[in-house]
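To keep things clear, I will list the structure first and then write my remarks on it.
The values are calculated or read from the model by the stated rules, or taken from the named source; none is laboratory data. Quick caveat: nothing in here was measured; it's all calculated off a predicted structure. For neighbour counting, all protein chains shown are included, and Cβ atoms are generated from backbone atoms with ideal geometry for every residue, glycine included.
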Amino acid sequence: MKNGVKNADRPQNKNLKPFKKGENMGSHRPKGSKNYETRRREAIIELGKLNKKTPEEIEVMLHTKAIGEALKGDFRYYKDDMDRTYGQPVAKTELSGTIQVDEIKKNTEMVKDLIESFKNGRRKKTTLPETPPPV
């Protein structure tokens with residue numbers, strides 16, 4: 001409630017619909033739907049039944065084809081399947097830079113002096129130091 005007005009009564013909220021029981025903002029996949037691994041496994045089983053092969057044989061055929069294409073330079077299927085099945089590899093980000101500690105100390109001392117002068121009721125004339133360009 002803001003300024004005596006409920007959020008539901010505000011004009012910008014007139015088209016909003018409340019969540020149903022059991023729903024929340026973080027649910028990306030409807031409850032009861034199958035994930036990639038389950039759908040993939042079921043498709044392999046069905047394909048095996050149609051071709052009179054075991055799911056393991058179909059899996060070997062899929063990997064053989066994927067590796068064959070990867071050896072030719074086309075990694076798309078293999079990469080997508082591995083990412084979906086086992087998750088994407090962790091991407092590491094390296095950060096580098098320098099911190100000018102002397103400048104930070106000078107500025108900290110200046111700010112402390114300014115605060116102290118305001119507390120004591122006198123205003124101290126100061127000029128801010130020129131900041132060096134980022135590296």
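Just need a number here: residues in the range 19-43 that are at pLDDT 75 or above and over 30 Å from H63 (Cα atoms). First the steps, then the outcome.
Taking the range 19-43 and keeping what is at pLDDT 75 or above, we get 32-43.
Still in the list and also over 30 Å from H63 (Cα atoms): none.
Adding up the residues that qualify gives 0.
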Exercise. Which condition breaks for N15 when tested against (1) at pLDDT 70 or above; (2) under 30 Å from I58 (Cβ atoms)?
Worked result: (2)
Problem set entry | Check on E57, loosely packed, with under 11 Cβ neighbours inside 10 Å and at pLDDT 80 or above | no
Seminar exercise, completed: Flagged in the range 86-117 as hydrophobic (A, V, I, L, M, F, W, C) and either loosely packed, with under 10 Cβ neighbours inside 10 Å or part of a loop (DSSP other than H, G, I, E, B) (or both), in numbering order, are V90, A91, L95, I99, V101
